[in-house]
1. Treating the angle as unsigned and between 0 and 90°, give the value, to the nearest 10°, between the Cα long axis of helix 218-245 and the longest Cα principal axis of the chain.
2. So what's the stretch 185-275 giving for Cα Rg divided by 2.2 N^0.38 Å, two decimals?
3. Calculate how steeply helix 22-38 sits against the longest principal axis of the alpha-carbon atoms of the chain, using the helix alpha-carbon long axis, and give the answer as 0 to 90 degrees to the nearest 10.
4. Based on the Cβ-Cβ distance of L86 and S223, what FRET efficiency does E = 1/(1 + (r/R0)^6) give at R0 = 41 Å, to the nearest 0.05?
5. Output wanted: per-residue J couplings in Hz (rounded whole) for the stretch 120-125, from phi through Karplus 6.51 cos²θ - 1.76 cosθ + 1.60, θ = phi - 60°, x for Gly and Pro.
6. Give me the angle, in degrees from 0 to 90, between the Cα long axis of helix 152-163 and the longest principal axis of the Cα atoms of the chain, rounded to the nearest 10.
7. Tell me the label only: which of (1) 1.06; (2) 0.96; (3) 0.93 is Rg/Rh (Cα atoms, Kirkwood Rh) as calculated from this structure?
8. Nearest 0.05, what FRET efficiency do W10 and D72 give at R0 = 45 Å with Cβ-Cβ as r?
Amino acid sequence: MTDRISQSGWRAWLTSDTPTSRRQAKLSSWYHGWLAFRGNPMAMFGLGILIFLILVAIFAPLIAPHDPLAQDLGNRLKPLGESGHLLGTDSLGRDILSRLIYGARITLYIVILVALIAPVVGLFIGTVAGYTGGIIDAILMRITDIFLAFPRLVLALAFVAALGAGIENAVLAIALTAWPPYARIARAETLTIRNSDYISAVRLQGAGPLRIITKHIWPLCLSSLIVRVTLDMAGIILAAAGLGFLGMGAQPPTPEWGAMISEGRRFILDHWWVATMPGLAIFTVSLAFNLLGDGLRDVLDPKDGGS
């Protein structure tokens, strides 16, 4: 009974129409956002898949039934469920399920690193261009246009070819090709708010351009960038898988999903599961990010989600 009263008190505090502190107002905003997000079953489904992926990646050594790198040529190309291999084996007798489980770690590694690099670079370039204007804006946006003129995968291939094959270089190449859309979004947001009254008031108080950009403009750009990052993750995963498929991403015997598809394409007619299982994994995770992004867009940018 006490716990129920306590929960009711917290809920009433979070849903109050008259917050008494900045902390209460911020927590109330987050709580209302969570309630709106929770009301979207497809977004919750996407979130559930991603939470499952994270747990699988964390506990991969405990979950994987076999060593993902162990070869057993006597059990090569076994079908689903045979010889103790739930999803079958590949051309070297390695357990496909175990390789998929460990491949989740590589997928999350790529997603996290790109999400930490590309939006930050795009946010900085876009806000600087939008706030300063003039020749700086023109130069930065023309550089952005040059990157946008090339397909992402083609540009990533060029960077990887210059840097050398490998998962780290693949992540760097994807990040270098992913920042321009974020720069465009940040610039558009900055142009709409740089001449607002509260920015003028902050400027009159003595705040310099750097403080105005980092303390007052960046926070207003974050919601749009978060939605765009989430929706872009599917494309980033596909780009990483494409590099792996072409042999320019993670190198053998690393269990990367794109490289697994590349290996399995030779047996697609007779042993379909070798390429199909990692393909389904990529499809499922990409779908989860898209569903999550749609849900976040409805919460963080209702006017766009309802259009």
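1. 20
2. Details: Rg = 22.9 Å, N = 91, 2.2 N^0.38 = 12.2 Å.
Normalised by 2.2 N^0.38 Å, the Cα Rg of the stretch 185-275 equals 1.88.
3. So the inclination is approximately 40 degrees.
4. Numbers: r = 41 Å, r/R0 = 1.01.
Approximately 0.50, to the nearest 0.05.
5. Listing the rounded values in order: 5, 4, x, 4, 5, 5 Hz.
6. Helix 152-163 and the main axis of the chain meet at about 70 degrees.
7. Label of the calculated value: (1).
8. Values: r = 55 Å, r/R0 = 1.22.
Using R0 = 45 Å, I get an efficiency of 0.25.
Every read-out reported here was derived from the displayed coordinates using simple, explicitly stated rules and does not represent laboratory data. Bear in mind the structure is a predicted one, so any value in this text is a computation, not a measurement. FYI the Cβ positions are ideal-geometry reconstructions off the backbone, even for glycines, and counts take in every protein chain you see.
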